[in-house]
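Below is one structure, written out as structure tokens; comments come after it.
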Amino acid sequence: MITLITGENSFENERKIKQLIAEFEGSPERFDGATLELRQLPDLLMGGTLFASKRLVIIRGLSENKTLWNDFGDWTTRVTDDVHLMLVETKPDKRTKTYKQLQKAAEVYESKIWTDRDSLMAQRWVEQEAASLGFNLDKKCMRLLVERVGVDQWLLYRALEKLAAMQTVTPELIEDIIEANPMENVFNVFEGALRGDSLKVKKMLATLELTEDPYRLFGLLGTQGFQLAALCVAEGRTSAEVAKDLGAHPFALSKLAPYAGKLGVAGGKKVSAAFAEADASMKTSAEDPWLLIERLLVKIANI
């Protein structure tokens, strides 16, 4: 039997691996595919050992071993019934002959990384995982947790483990003990600027400066600015329609929509001009990038 675990969602991949190991009665044999040699394959794939009649053989990253990967497809028919071969490949080349042969010979489990579009799926998953950890979350808490943490399953699961130790989970508790992800922080500081609260902006930037990279933060702010500008010129269209055009999550744009309505087309153009000026300065100026970001947000606060 062959199982191919593929995809870039490491959380789902590792959970599947753990499940298959738990179902196997014995100790798995693990190998680094990048260092395997052709002469090792017969011993790995054909038959039991002196110590076990059934074997679970886990090979990670075999596709990185180009020479062996190119010929491995021919070995798929040689895997004996007493060997369960588990291949773990994050991003194999699906155009190769070996991958196409594995599609026919193996049970393929493919995971996909969640994006902002999957927030509803993430909320349902959070509900199920919380129940498995022995506690319940209401809809408000589920939504807040996903908004605060994002859709990264590793981060969500660690947050759930932290909440599982609490007697009662409330929105206030989530905000108190669960650290917000960078995008949430970015929206909060951008929202402060849109509200005209320069003092709040400066305080938040002082906190972000302790942990964030300024160029990364500017890039995330730029995304927010672009989405806001798109909403400002989208007269007569809903935020959900604009989100679909941009490939963004509707919820993210729905939070910006009220500010776009107040700014209008003229205000949106001023915000875009402020970002363009800041972008040029970030690329060419020797000034402190944090100062440039603060200047940008204070300018937006005064529009």
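Would you check if there is a residue in segment 242-260 being over 24 Å from the mean Cα position of the chain (by Cα) and of a type in the set (Asp, Glu)?
Of all residues in segment 242-260, those over 24 Å from the mean Cα position of the chain (by Cα) come to 257-260.
Those still in the list that are of a type in the set (Asp, Glu) too: none.
No; the residues of segment 242-260 include none that is over 24 Å from the mean Cα position of the chain (by Cα) and of a type in the set (Asp, Glu).
The numbered conditions (1) buried (at least 17 other Cβ atoms within 10 Å of the Cβ); (2) within 16 Å of ALA278 (Cβ to Cβ) are all true for GLY192 except (2).
Condition check ((1) modelled with pLDDT under 95; (2) assigned by TED's automatic domain parsing to the domain that holds GLY61; (3) touching a helix residue (DSSP H, G or I) at 6+ places or on another chain (Cβ under 6 Å); (4) farther than 20 Å from PHE251 by Cβ) across all residues:
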residue	(1), (2), (3), (4)
ALA105	yes, yes, yes, yes
LEU120	yes, no, no, no
TRP125	no, no, no, no
GLU129	no, no, yes, yes
LEU144	yes, no, yes, no
VAL149	yes, no, yes, no
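Screening ILE58 against (1) without any contact (Cβ under 8 Å) to a residue 40 or more places away in the chain; (2) outside any loop (DSSP other than H, G, I, E, B); (3) of a type in the set (Val, Ile, Thr) leaves a single unmet condition, (1).
All of LEU217, LEU205 fail the test of being buried (at least 17 other Cβ atoms within 10 Å of the Cβ), aliphatic (A, V, I, L, M), in contact (Cβ under 8 Å) with a residue 60 or more places away in the chain and closer than 29 Å to ASP118 by Cβ, apart from LEU217. Would it be correct to say that GLN167 is at pLDDT 95 or above and among the polar types (S, T, N, Q)? It is false that GLN167 is at pLDDT 95 or above and among the polar types (S, T, N, Q). ASN185 passes every criterion in (1) of a type outside the set (Asp, Glu); (2) in a helix (DSSP H, G or I); (3) at pLDDT 90 or above apart from (3). Within segment 76-96, residues that are in the same structural domain as PHE24 (by TED's automatic domain parsing) and within 17 Å of ASP43 (Cβ to Cβ) have Cβ atoms under 6 Å from residues that are charged (D, E, K, R) and not in a loop (DSSP other than H, G, I, E, B) in these pairs: VAL83/ARG55, counting only partners at least 6 apart in sequence or on another chain. Meeting the requirement of 1 or more residues that are farther than 28 Å from VAL151 by Cβ, the helices (runs of 4 or more DSSP H) wholly within segment 189-283 are 198-208, 214-233.
Take the conditions (1) part of a helix (DSSP H, G or I); (2) touching a Leu at 6+ places or on another chain (Cβ under 6 Å); LEU4 misses just one of them, which is (1). If you go through segment 105-145 and keep only what is of a type in the set (A, V, I, L, M) and farther than 25 Å from THR6 by Cα, you end up with ALA130, ALA131, LEU133, LEU137, MET142, LEU144, LEU145.
The values are calculated or read from the model by the stated rules, or taken from the named source; none is laboratory data. This one's a predicted model, so the numbers in the text were calculated from it and none came from an experiment. Quick reminder, even Gly has a Cβ in these numbers, built from the backbone with ideal geometry, and neighbours come from all protein chains shown.
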